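Novice: Dropping the structure in here first, questions after.
Quick note: the coordinates plus some simple rules give every number you see, no bench work behind them. Here the structure is a predicted model, which is why all the values come from computation and not from measurement. Positions of Cβ are generated from backbone atoms using ideal geometry, with glycine treated the same way; all protein chains shown enter the neighbour counts.
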Amino acid sequence: MESRVAIEHESDIVGARQKGRELAGIIGFSSTDQTLLATAISEVARNIVTYAGRGEIILSSVSDGTRHGIMVIARDQGPGILDTALAMRDGYSTGNSLGVGLPGARRLVDEFDLASAPGVGTTVTLKKWLR
Amino acid sequence: MADLVNQTPAQLLSREMGMTEQSVERRKRIVGLTAQDLERIAAIRDLVHAHIEEYTAVFFDYLAALDEGRPVLTNRSVAERARQLKREHLIAMVQSDYGTAYIAQRLELAMLYSKAGLDLRVFLAAFHHLLKNIGVTIMKHFEHTPMEGFETFMSLKKVAFFDIGVIVDVMVFERERVIRQQQDSIRELSTPVLQLRERLLLLPIIGVIDTHRARLVTESLLRSIRANRAKVVVMDVTGVATIDSKVANHVIQTITAAKLMGATVIVTGLSAEVAQSLVVLGIDLAKLNTVGDLQGGLEEAELLLGYQLVRGEHRMSRAPSAET
Amino acid sequence: MSVPILKQGDILIASIQAALSDRDLVDLRDELASRVGRLRSRGVVIDVTALDVLDSFATRTIRGIAYTAKLRGADAVVVGIQPDVAFAMVQLGLTLEGIPTALDLEEGLVLLRARKADRDHGK
């Protein structure tokens, strides 16, 4: 089951995290975990708005056979990140931020993947599993 | 997802279990269901439909004969619903359309069995018995072409195993859900937050704490701060023998989070060993509000609270307020 | 102005409702700065009780609001951070460096009055 949210304007961020919270709730995540997830979605969605202008968030339930959880894919076709290792270093920031964005989002979830290439775009994949 | 409110329990379960169209197709591939199988099944559709009542009876008679099978039959409305769903299932089983709607149907029946506490072994035995009956009907029908009869029966069996796969997954899923809930209850009982007096909470940490338990403690504490409108929390770690970096970080995070909610945390009972571990981990103990023993900590807490209460009346020396 | 700003004596109370856009937050900051100046308020309470998420942008903006108020001579306090939200913030590494926080509006007002009392007594 999948849900796609277009991110075209900063006002879309709230919608994306509400849907994320909703889906997380259905899957069985606790209220605290729902907030962690909604916060992570807010961060990656905001990254899309700030750096790419537009993109999409895809929410889906996942299972690896034994565990159940939620997957969030934040995708854009923006300028891309030149040095992904640098971007993931805590405290690093190019924009007007607290420097928490991606490294921070990673702390809120169980699995995190960043794929990006200059001129192509960026895809951030987050996964959170039910305990 | 605006239609969430109108989802049936089976549809909700379908979502929780990740039963996408993709995963359903995967299940079909796993049992090796082909177009030819669907054709063969279509050919016996009317034959099976003609015997629906008989087959349904066979299944439930088998359940009734076993102690472990009775749970589904004791309650009349449950038994009737089960029979109706079984009838619908048998009809759908030979419709050659096994998509998300078919799955939802299976889930509904599986949920019913799960709630009634039907023993999985008994279900499998009854289902097998039912299949045998259908098999006999098919072989009689293909009396003159037994190979075709056999192959038709094998095609139907693929669907049967597809069904079994779903039902077993549901029962396991539901059982795990119960276990998870029980574990949560147990954990909640072992991480008590006590209200000592108005606005003062005591959080005794006892025994070994791992990251998961530490997290539960934090959640419990933060909720208690809100519920009790606590201004001071005395976190007593006298009962903690060792602490690793993950847990230490977690404790720091707990203290920071409590401050965000306007509560000051006083840590008491820090043994020399644990204090040393914290120093080694690079944690600045000076930043923590620590007091040697629990008694001292409680006195400090009362001082803080007392100061709040008489503020403006007496010019007491300024105690730290809840400032981040 | 989509955020209600109440006045209680010389204290302004801004109750941030759920799902505020980035634009709204920035407008709030400017509006509070303006009112603090005009009304010579001594304190500002930023109430985030209704927020179910405080991400880095929201936190940054709230800090901006508090600092702006301070520049205009008012004390600021943030109140109403929910348990889940506090937890998420510390996980994310967000802080409200230097800005006092309190449990709720009532506690926030107590804090502001105490600070004012301290200041009036020349501390």
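Novice: Just a yes or no: is a residue in the range A:46-59 at the interface with another protein chain (Cβ under 9 Å from one of its Cβ atoms) and basic (K, R)?
Specialist: yes
Novice: Of all residues in the range B:225-254, which are more than 9 Å from chain C (Cβ to nearest Cβ) and either in contact with a Pro (Cβ under 6 Å, 6 or more places away or on another chain) or over 18 Å from B:Q276 (Cβ atoms) (or both)?
Specialist: Within the range B:225-254, B:A227, B:N228, B:V232, B:V233, B:V234, B:M235, B:D236, B:H250 meet the criteria.
Novice: Look at the range B:94-144 and say how many of its residues are acidic (D, E) and in a helix (DSSP H, G or I). Break it down into steps so the answer makes sense when it comes.
Specialist: From the range B:94-144, those acidic (D, E) are B:97, B:108, B:119, B:143; that's our starting set.
Now restrict to residues that are in a helix (DSSP H, G or I): B:108.
Residues in the range B:94-144 being acidic (D, E) and in a helix (DSSP H, G or I): 1 in total.
Novice: Further question: Let me spell it out: the conditions are (1) buried (at least 17 other Cβ atoms within 10 Å of the Cβ); (2) more than 14 Å from chain B (Cβ to nearest Cβ); (3) over 14 Å from the mean Cα position of the chain (by Cα); (4) part of a loop (DSSP other than H, G, I, E, B), and C:F57 meets all of them except one. Which number is the exception?
Specialist: It fails just one condition, (4).
Novice: Which count do you get for residues in the range B:231-257 that are under 21 Å from C:L103 (Cβ atoms) and basic (K, R)?
Specialist: The number of residues fulfilling the criteria is 1.
Novice: Can you find a residue that is touching a Gly at 6+ places or on another chain (Cβ under 6 Å) and aliphatic (A, V, I, L, M) anywhere in the range B:231-247?
Specialist: yes
Novice: Output the number of residues of the range C:60-79 satisfying the condition of being part of a loop (DSSP other than H, G, I, E, B) and either within 9 Å of the chain's Cα centre (by Cα) or in contact (Cβ under 8 Å) with a residue 40 or more places away in the chain (or both).
Specialist: Adding up the residues that qualify gives 1.
Novice: Additional query: Which pairs have Cβ atoms under 8 Å, sit 6 or more apart or on different chains, and link a residue in the range B:270-298 that is touching a residue at least 24 places away in the same chain (Cβ under 8 Å) to one that is loosely packed, with under 10 Cβ neighbours inside 10 Å and not in a helix (DSSP H, G or I)?
Specialist: What qualifies is B:N289/B:P320.
Novice: Based on this model, can you work out whether A:S61 counts as within 30 Å of C:P83 (Cβ to Cβ), assigned to a helix (DSSP H, G or I) and small (G, A, S)?
Specialist: Spelling it out, it is not the case that A:S61 is within 30 Å of C:P83 (Cβ to Cβ), assigned to a helix (DSSP H, G or I) and small (G, A, S).
Novice: For residues that are assigned to a helix (DSSP H, G or I) and among the small types (G, A, S), scanning just the range C:80-106, find the one that is nearest to A:V44 (Cα to Cα).
Specialist: C:A88
Novice: A further question follows. With the structure loaded, tell me whether C:V90 is crowded, with 19+ Cβ neighbours inside 10 Å and in contact with an Asp or Glu (Cβ under 6 Å, 6 or more places away or on another chain) or whether it fails that test.
Specialist: no
Novice: Kindly indicate whether B:I91 is touching a residue at least 12 places away in the same chain (Cβ under 8 Å), outside any loop (DSSP other than H, G, I, E, B) and farther than 17 Å from B:F59 by Cα.
Specialist: Criteria not met by B:I91.
Novice: Let me ask something else about it. Would you pick out the residues in the range B:204-224 that are surrounded by 17 or more Cβ atoms within 10 Å (Cβ to Cβ), more than 8 Å from every other protein chain (Cβ to nearest Cβ) and of a type in the set (A, V, I, L, M, F, W, C)?
Specialist: Answer for the range B:204-224, where residues must be surrounded by 17 or more Cβ atoms within 10 Å (Cβ to Cβ), more than 8 Å from every other protein chain (Cβ to nearest Cβ) and of a type in the set (A, V, I, L, M, F, W, C): B:I205, B:I209, B:A214, B:L216, B:V217, B:L221.
Novice: For the range B:33-49, what are the residues that are of a type outside the set (D, E) and either touching a strand residue (DSSP E or B) at 6+ places or on another chain (Cβ under 8 Å) or exposed (fewer than 12 other Cβ atoms within 10 Å of the Cβ) (or both)?
Specialist: Just the residues of the range B:33-49 that are of a type outside the set (D, E), to begin with: B:33-36, B:38, B:40-45, B:47-49.
If the condition is that a residue be of a type outside the set (D, E) and either touching a strand residue (DSSP E or B) at 6+ places or on another chain (Cβ under 8 Å) or exposed (fewer than 12 other Cβ atoms within 10 Å of the Cβ) (or both), then B:A35, B:Q36 are the ones that fit.
Novice: Please specify each residue of the range A:10-45 satisfying the condition of being more than 9 Å from chain C (Cβ to nearest Cβ), farther than 15 Å from C:D84 by Cβ and not in a helix (DSSP H, G or I).
Specialist: Within the range A:10-45, A:G28 is the sole residue that qualifies.
Novice: Mind checking which residues of the range B:255-282 are of a type in the set (S, T, N, Q) and within 14 Å of another protein chain (Cβ to nearest Cβ)?
Specialist: Selection gives B:T256, B:T264.
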